[in-house]
């Protein structure tokens, strides 16, 4: 049996990039039919966006902006070129953010993630993600059905009825949060119910620490992680190699410096930015607010697409200093005005009930004039007084953190 969903997963990286970026200009032109994208693309030659360097010149769209955009221009904030009636289902997520489901057979791109987790045509799948208003349940439902699986649309909760379903239908596979899987296993054991048919799982939506992974393994369940969002569906997924997450086909993932749209070198921690190639519902440089990093090399499982380390925290580190918000974008602006610097980190502390902020900046030597110039720039950008410390190149942690709030909040 093949270990890969299709030949796309093992093609040469250069072939993949050539394919994605040859299709991108048409997707951009489709997106430009939506008023919000048309405004963002003003003055840009969309036909020239044919590689990663050119893509990085387009503005990012921050997920944190979506609730306000959707409220100002309901339902989709002027970001969807297709008429509302052309979609299959219409959802909402907290914010509120409104999400349409495209009409493709696997609109959330989840089938290959399920396949990588060992799901196969004919499997019976217990899907415990919610089917109520939010897209979670349908993301896994439509993906598993496109793979050829039979679905039990269980949703979360109601463990007694879940036990009845498991005993009756004998599902071999589970989709849902890792927490609820443990609840089912523990509850079944305590109640004397037979849940032993479950052998495979694809989990998401909550932390899946090493301790819980080992517990699932000890209980005979081969469990895999997936990273995605309600807007995008599956972004990246774990494979049999269990080393990082492989990026889905048909999307373009960038890792950028928090507060900017500038890609960071492979291995550096930054914010995940995603571009999709669905002309019915395109996302162009959607910045998710989640941190990750590119893993070098190819996966031992044979898949050749980019790998990311998985979720590594939040990029939105906005904090309030002396009653004023300080944002990662402002620290990035300081870096732009002083390109000779390496990594930057603003440390916020408190002394005698007074907020203190100090910018640590990587530079090769002590330089009082440069330190004073950076302090002046910091004051001009943030409207707040702050100190500057020059530190050795490479001495600041590679964790994507731009603002570190070290005050003790009682």
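The values are calculated or read from the model by the stated rules, or taken from the named source; none is laboratory data. Since the structure is predicted, the reported quantities are computational estimates derived from the model, not experimental observations. We place every Cβ from the backbone using ideal geometry, glycine too, and count neighbours over all the protein chains shown.
Conditions tested, residue by residue: (1) in contact (Cβ under 8 Å) with a residue 60 or more places away in the chain; (2) surrounded by 14 or more Cβ atoms within 10 Å (Cβ to Cβ); (3) outside any loop (DSSP other than H, G, I, E, B).
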position	(1), (2), (3)
74	no, no, no
78	no, yes, no
81	yes, yes, no
100	yes, yes, yes
109	yes, yes, no
115	yes, yes, yes
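Just wondering, is there one or more residues in segment 47-58 that are modelled with pLDDT of 95 or more and over 24 Å from the mean Cα position of the chain (by Cα)? Within segment 47-58 (the criterion being modelled with pLDDT of 95 or more and over 24 Å from the mean Cα position of the chain (by Cα)), the answer is yes, since at least one residue qualifies. Of the strands (runs of 3 or more DSSP E) that lie entirely inside segment 274-349, those containing 2 or more residues that are modelled with pLDDT of 90 or more, under 18 Å from the mean Cα position of the chain (by Cα) and buried (at least 17 other Cβ atoms within 10 Å of the Cβ) span 286-292.
Results for (1) under 25 Å from residue 227 (Cα atoms); (2) in contact (Cβ under 8 Å) with a residue 60 or more places away in the chain, shown as yes or no for each residue.
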| residue | (1), (2) |
| --- | --- |
| 295 | yes, no |
| 326 | no, yes |
| 330 | no, yes |
| 346 | no, no |
| 369 | no, no |
| 372 | no, no |
| 387 | no, no |
| 393 | no, no |
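Does residue 2 fit the bill of being without any contact (Cβ under 8 Å) to a residue 12 or more places away in the chain, within 30 Å of residue 302 (Cα to Cα), part of a helix (DSSP H, G or I) and out of contact with any helix residue (DSSP H, G or I) (no Cβ under 8 Å at 6 or more places or on another chain)?
Values: without any contact (Cβ under 8 Å) to a residue 12 or more places away in the chain: yes; within 30 Å of residue 302 (Cα to Cα): yes; part of a helix (DSSP H, G or I): no; out of contact with any helix residue (DSSP H, G or I) (no Cβ under 8 Å at 6 or more places or on another chain): yes.
It is false that residue 2 is without any contact (Cβ under 8 Å) to a residue 12 or more places away in the chain, within 30 Å of residue 302 (Cα to Cα), part of a helix (DSSP H, G or I) and out of contact with any helix residue (DSSP H, G or I) (no Cβ under 8 Å at 6 or more places or on another chain).
For segment 170-180, residues that are at pLDDT 95 or above and either surrounded by fewer than 15 Cβ atoms within 10 Å (Cβ to Cβ) or in contact with a helix residue (DSSP H, G or I) (Cβ under 7 Å, 6 or more places away or on another chain) (or both) total 3. Residues in segment 263-273 that are more than 30 Å from residue 89 (Cβ to Cβ) and touching a strand residue (DSSP E or B) at 6+ places or on another chain (Cβ under 6 Å) were compared, and the one that is surrounded by the most Cβ atoms within 10 Å (Cβ to Cβ) is 270.
Scanning segment 59-76 for residues that are over 16 Å from residue 257 (Cβ atoms) and under 18 Å from the mean Cα position of the chain (by Cα) gives 61, 63, 64, 65, 66, 67. Kindly indicate whether residue 239 is closer than 30 Å to residue 84 by Cβ and either touching a strand residue (DSSP E or B) at 6+ places or on another chain (Cβ under 6 Å) or modelled with pLDDT under 95 (or both). So residue 239 fails the test.
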